[in-house]
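For reference, the structure is listed below as C-alpha cells.
The values are calculated or read from the model by the stated rules, or taken from the named source; none is laboratory data. Note that the structure is a prediction, hence the values are computed from the model and not measured. Reconstructed Cβ throughout: ideal geometry from the backbone, glycine too, with neighbour counts over all protein chains shown.
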C-alpha cells in the first residue's frame, strides 16, 4: 500500500513540476523552467528504476514504455511545443494517478 501511495505522490510531483515549468516558460524564466523539468525527469527516472519486472510482469513492462516516453518528451519540453507537450503529459499522468488511486482503494 505504501508503494502505491508513493507512486501517486510521484505522479503529483511531476504534474506540479510540469505546471510550474509551463508557467515559468510563459514568463520567460527559462532557468526556473529547466529546474522544474530536471526535477520531473529525476522523479520519472526513480519511477522507472523502481519497477519490479519480476513481480509486475506485463504491467511493469507497459509502465516502463510509458515512463520512457514521458522522459523523452521532457527532454524536448523547451521547444516551441512545450506547452502542448506539458498538457498532454499532465493528462497522461492524471490518468495513471487515477488508476493507481483505484488500485490503492481496492487494497
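Can you pull out every residue in the stretch 62-94 that is without any contact (Cβ under 8 Å) to a residue 12 or more places away in the chain and over 21 Å from residue 38 (Cβ atoms)?
Scanning the stretch 62-94 gives 62, 65, 91.
Considering the stretch 77-98 alone, what residues qualify as being exposed (fewer than 12 other Cβ atoms within 10 Å of the Cβ) and at pLDDT below 95?
Within the stretch 77-98, 79, 80, 84 meet the criteria.
Answer yes or no as to whether residue 59 is under 30 Å from residue 1 (Cβ atoms), exposed (fewer than 15 other Cβ atoms within 10 Å of the Cβ) and either in contact with a strand residue (DSSP E or B) (Cβ under 8 Å, 6 or more places away or on another chain) or touching a residue at least 24 places away in the same chain (Cβ under 8 Å) (or both).
Taking the combined requirement at face value, the residue does not satisfy it.
Which is within 17 Å of residue 97 (Cβ to Cβ), in contact (Cβ under 8 Å) with a residue 24 or more places away in the chain and surrounded by 13 or more Cβ atoms within 10 Å (Cβ to Cβ), of 47, 51?
47
Take the stretch 95-107 and flag every residue that is in contact (Cβ under 8 Å) with a residue 40 or more places away in the chain and within 15 Å of residue 67 (Cβ to Cβ).
Selection gives 96, 97, 100.
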